1. Do we find a residue being surrounded by fewer than 18 Cβ atoms within 10 Å (Cβ to Cβ), under 21 Å from Pro82 (Cβ atoms), at pLDDT 95 or above and among the aliphatic types (A, V, I, L, M) anywhere in region 8-24?
2. Going by what's in this entry, would Ala128 be described as within 14 Å of the chain's Cα centre (by Cα) and modelled with pLDDT under 95?
3. Pairs needed: first member in region 145-158, more than 12 Å from Val122 (Cβ to Cβ); second member anywhere, of a type in the set (Val, Ile, Thr) and surrounded by 10 or more Cβ atoms within 10 Å (Cβ to Cβ); C-beta distance under 7 Å; at least 6 residues apart or different chains.
4. Looking only at region 78-101, how many residues end up being under 15 Å from the mean Cα position of the chain (by Cα) and part of a loop (DSSP other than H, G, I, E, B)?
5. What pairs come out if I take residues in region 1-23 that are farther than 20 Å from Gln132 by Cβ and pair them with residues that are among the hydroxyl-bearing types (Ser, Thr, Tyr) whose C-beta lies under 9 Å away, six or more apart or interchain?
6. From the residues in region 141-158 that are touching a Pro at 6+ places or on another chain (Cβ under 9 Å) and at pLDDT 95 or above, which one is farthest from Trp108 (Cα to Cα)?
7. Inside region 60-74, can you point out the residues that are exposed (fewer than 15 other Cβ atoms within 10 Å of the Cβ) and either over 15 Å from the mean Cα position of the chain (by Cα) or charged (D, E, K, R) (or both)?
8. Can you run down the residue pairs with Cβ atoms below 7 Å, 6 or more apart or on separate chains, where the first is in region 61-78 and farther than 16 Å from Thr28 by Cα and the partner is of a type in the set (Ser, Thr, Tyr)?
Amino acid sequence: MTPDWRHPTIARSEGVLFHRHATLEHVTARCGSGLHYLATPYTRLARDRAGRFCPARSLDAGIFAADWAAALARRGVRVTSPIAQAVLMVGAGRARALGPDPFDDDFWADWCRPMLAACDSVIVPPIAGWPQSRGIFAEVLQALDWGRPVHVIARGDP
């Protein structure tokens, strides 16, 4: 599904559950307790120019996610970052030819769903590529369908 951020579910939730231009202060004020899902891009970031898996770029995607997880933790916001964990799983698995395919969307959606379900909200940091991410878009729609708030951080560094 191509992300359409004007989707009816998002439009109905705008300003109520969907906070498109959140600041770090907004996120800190609203997400101080509980566990929150950090939705960060991966697939486009982990490909080289020819579209193949690139271990260095995959690691960069994990570091971007981990940087935001750490920044939020310093502000008292508890997040789970599936990408930070998945990058290590993919890297270790590829080294031993045991890991999951980094681009198997169905596998990763199934793997992430229970974490998403356990969280009180979704936080989307301003990492390049997030608006084009089919995975983030699907997670945002799922969270909104479940009545969970979504906070899209407008800009800034972790």
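The values are calculated or read from the model by the stated rules, or taken from the named source; none is laboratory data. Because the structure is predicted, anything quoted here is derived from the model rather than measured. Cβ placement follows ideal geometry from the backbone for every residue including glycine, while neighbour counts extend to all protein chains displayed.
1. No, the conditions are met nowhere in region 8-24.
2. For Ala128, the condition - within 14 Å of the chain's Cα centre (by Cα) and modelled with pLDDT under 95 - is met.
3. Once the first residue is more than 12 Å from Val122 (Cβ to Cβ) and sits in region 145-158, its partners that are of a type in the set (Val, Ile, Thr) and surrounded by 10 or more Cβ atoms within 10 Å (Cβ to Cβ) give Ala154/Thr23.
4. Summing the residues that are under 15 Å from the mean Cα position of the chain (by Cα) and part of a loop (DSSP other than H, G, I, E, B) in region 78-101 gives 2.
5. Listed pairs, sorted by first residue: Leu17/Ser121.
6. Here the answer is Ile153.
7. Asp60, Ala73, Arg74
8. Here the result reads Ala61/Tyr42; Phe64/Thr40; Ala65/Thr40; Ala65/Ser81; Ala66/Ser81, each pair linking region 61-78 to a residue that is of a type in the set (Ser, Thr, Tyr).
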